[in-house]
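Here the structure comes first, spelled out in structure tokens, and everything after it is commentary.
The values are calculated or read from the model by the stated rules, or taken from the named source; none is laboratory data. Owing to the predicted nature of the structure, the values given are computational and were not obtained by experimental measurement. Positions of Cβ are backbone-derived with ideal geometry, glycine not excepted, and every protein chain shown enters the neighbour counts. Areas reflect the complete protein model, heavy atoms only, side chains present, ligands, DNA and RNA absent. Shrake-Rupley method; radii C 1.70, N 1.55, O 1.52, S 1.80 Å.
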Amino acid sequence: MIYSEKVMDHFNNPRNVGVISDADGSGEVGNPVCGDIMKITIKVNDDDTIADAKFQTLGCGAAIATSSMVTELVKGKKIQDAVRISKRDVADELDGLPAAKMHCSVLATDGLKVAVDDYLKKHGREPLSGVIKSADPNYNPHEDEDEEED
Ligand code: FES
């Protein structure tokens, strides 16, 4: 399977690249499968709405495209809704990802969860997302891949 036009667009013109200097939360995660890393910073309004999000990804094209898409998807969302965005949702928004590349999208969704928890921690609040899967050494991102290889 080749990449969709949307993946190529977000890869070639990634949205929201960079770091928010006065960020309210930041998250950095590594992909246990390939060792790629992603950092995301977020700005959060008093009502828990994400006002801005930026990312830096040292990774493959799919990781860059999914990171770009996640920063677009979370803007304007409440943190409670943003952490529910799954790697499947991100892939769907990109019109699909090759099965072998699905694990790349955990970087973006996990990075966001870490950033939201960082924001909550700074405000003395309980974390929302629970255990971040990719931080678990026994987690195998390939286990929950259900796509057909084609
Ligand atoms: Fe590492 Fe895609 S191969 S994130």
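Computed values, structure above
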read-out: Spread of Cα-to-Cα distances over 5 Å intervals beginning at zero, given as percent, for region 70-119; value: 4, 22, 33, 23, 12, 6, 1
read-out: Area of Thr49 that stays accessible when all protein chains are in place (1.4 Å probe, Å², to 10); value: 20
read-out: Förster radius 25 Å - calculated FRET efficiency between Asn12 and Asp92 (Cβ-Cβ, nearest 0.05); value: 0.80
read-out: Area accessible to solvent at Arg88, 1.4 Å probe radius, in Å²; value: 80
read-out: Heavy-atom SASA rank of Lys101, Lys122 (probe 1.4 Å, accessible area, largest first); value: Lys122, Lys101
read-out: Accessible-area order (highest first, 1.4 angstrom probe) of the listed residues Cys60, Cys104; value: Cys60, Cys104
